[in-house]
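Please treat every number below as a calculation from the coordinates, not as lab data. Here the structure is a predicted model, which is why all the values come from computation and not from measurement. Here the Cβ positions follow ideal geometry from the backbone for every residue, glycine too, while neighbour counts run over all protein chains shown.
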Amino acid sequence: MLCTKCKKEASIYIRRHNSAFCKDHFLEYILGQTERAIKKLKMFNKEANILVAVSGGKDSLALWDILISLGYKADGLHIDLGIGEYSEKSKEKTKKYAELNNLRLHVVSIKDLYGLGIKEIARKNHKAPCASCGIVKRYIMNLVSKELGYNVIATGHNLDDEAATLLGNILHWQIDYIKAQSPLLLEEDVGFVRKVKPFYRVSEYETSAYCLIKKIDYIIDECPMSTNAQSLVYKEALNLLENHSPGTKEHFYYGFLDKGKSYFEGEKKETILNNCKICNQPTTANICSYCRQMEKANLDPLKIKEFINTLRDLNR
Ligand code: Q46
Ligand code: ZN
Ligand code: ZN
C-alpha cells in the first residue's frame, strides 16, 4: 500500500478515512487533526499556560508530545493514585518522558500525602474506586491549575473514549451527562478551570501508532480497577460496528456534537455556588465532595492544599 500523500511505501492505514500514510505523513496527519480540534473549538491559543494531565499511558504522553511539537506551552501533572505496581510504573514512565524531553512535571502522590491509596479511600467511603478517583483527580487538577497559574487543563481522551461515553450515556438516557458531554468544558463561570480534550478527533489506534513511531515509552497495562468498567464493553461494541462499517465512530460522535447535542440542551439551569466551608473551593453544597470524602476516611482534606502551595513556592 502506498502513502496517499507522497506515494512512498505506507506504514499506517486509517480505514475510516480510506487513507494510508508513510511515517512522516502520518505525523503530519495526527498533528493536523489535533490542531484542527484546538482551533475549531477555540480551546486555547499559543499564549495559554496549559496543564496536561499525564497518566503515563499512550494517550496522555502522545498529547503532551504533540502540544509541544505544535508550539504550545504545556507542563504536565501526574497524580499518583497509590494503586500498587500500576501506579509505580505509571509514575516512572511519566517522569522518564518529562526528563528526556526536559519538560516541567508536577507530581502529586495521594499515598505519600495520606498513607492510603485510592482503593482504601474508596473503601472507607463505601464507594466504587473509580467514583472516588474521579472526585480526587478533578479536585487536584483544578487546584493545581488555579494555584500554579494554568489557564486550561488538557486530557488525553480520544475519539474511542468519547464515543464510548456517549453510547453509555444514551443507553441509560443520562440526559444531564449527555447535555454536559463536550471536548470543551467552559467551567470558568462555575469556578473551575477550563477543560479540553484536543484528541477528540484522534483514535486510540492512532495514539498508539504515534507513540510507536516517536519511540515514546508508555505504560501498556490498564488500571487494575478498570477491568470491569462498562466503558470497555461499549468500546468493543463500537469496534464491532466500526469494523463492519468504517467511520461509524466518528459519524456517531461528530454527529452528536454538530447536530444531536442541541436537542438536549434546553434551558441552562442556574448553578448556585458556595465556597466549601473547609477548603474554600467552589461547590454546590456546603462542603465539597473532596473534603467530604477525605473526612469520611479520617484524613485531613487540607493536606493537599498545603502540598500544592509548596509546589507553587518551588516554582517561583
Ligand atoms: S484510574 Fe481511577 Fe481510572 Fe483506575 S481507579 Fe478508575 S478512574 S480506572 S481512568
Ligand atoms: Zn508520505
Ligand atoms: Zn472542600
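Summary of computed values
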read-out: Whole-number percent relative contact order across the chain, with pairs defined as alpha carbons under 8 Å at least 6 apart; value: 19 percent
read-out: Shape category assigned to the range 13-157 from the gyration tensor of Cα positions, a/c cut at 1.5; value: prolate
read-out: All-pairs alpha carbon distance profile, the range 199-316, 5 Å steps from 0, percent; value: 2, 8, 9, 10, 11, 13, 15, 16, 12, 4, 1
read-out: Shape category assigned to the range 1-89 from the gyration tensor of Cα positions, a/c cut at 1.5; value: oblate
read-out: Cα-projected label distance for Lys46 with Leu241, points at 7 Å along beta-carbon direction, nm; value: 4.0 nm
read-out: Residue-count net charge about Leu113 - beta-carbon cut-off 12 Å; Lys, Arg +1, Asp, Glu -1; value: -1
read-out: The range 156-226 - convex hull of the alpha-carbon atoms, volume per residue in Å³; value: 129 Å³
read-out: Isotropic mean projected area of the C-alpha convex hull, the range 256-316 (nm²); value: 7.4 nm²
read-out: Between the range 98-169 and the range 236-259, the Cα center-to-center distance that results, in Å; value: 27 Å
read-out: The range 1-151: relative contact order in percent, alpha carbon pairs under 8 Å with at least 6 residues between; value: 17 percent
read-out: Approximate spin-label separation Arg15-Gln230, in nm, with each point projected 7 Å along Cα-to-Cβ; value: 2.7 nm
read-out: Average Cα contact separation per residue, the range 22-74, under 8 Å, 6 or more apart, as relative contact order %; value: 35 percent
read-out: Tilt relative to the chain, helix 84-100 - C-alpha long axis, 0 to 90 degrees, to 10; value: 70 degrees
read-out: Gyration tensor verdict on the range 237-276 (Cα atoms; rounded if a/c is under 1.5, prolate if a/b is larger than b/c, oblate otherwise); value: prolate
read-out: Point-charge dipole on Cβ atoms (K/R +1, D/E -1) for the range 171-254, about Cα centre, debye to 20; value: 200 debye
read-out: Entries in Lys137/Lys197; Lys215/Lys305; Lys46/Lys195; Lys5/Lys73; Lys93/Lys214 that, when Cα-Cα distance is taken, lie over 24 Å; value: Lys215/Lys305; Lys5/Lys73
read-out: Packing-based order for 280-293, 74-87, using average beta carbon neighbours within 10 Å, highest first; value: 74-87, 280-293
read-out: Helical contribution to [θ] at 222 nm, DSSP H n ≥ 4, -39,500 (n - 2.57), averaged over the chain, rounded to 500; value: -15500 deg cm²/dmol
read-out: The chain, Rg to Rh (Cα coordinates; Rh as Kirkwood inverse mean 1/r); value: 0.96
read-out: Pair-distance profile P(r), taking every C-alpha pair of the range 65-141, with 5 angstrom steps and integer %; value: 3, 14, 22, 22, 15, 11, 7, 4, 1
read-out: Length gained when the stretch Lys214-Glu147 is fully extended (0.36 nm per residue, less Cα-Cα span); value: 20.8 nm
read-out: Convex hull volume per residue in cubic angstrom - Cα atoms of the range 114-187; value: 128 Å³
read-out: Glu92/Cys6 FRET efficiency (R0 45 Å; Cβ-Cβ; nearest 0.05); value: 0.75
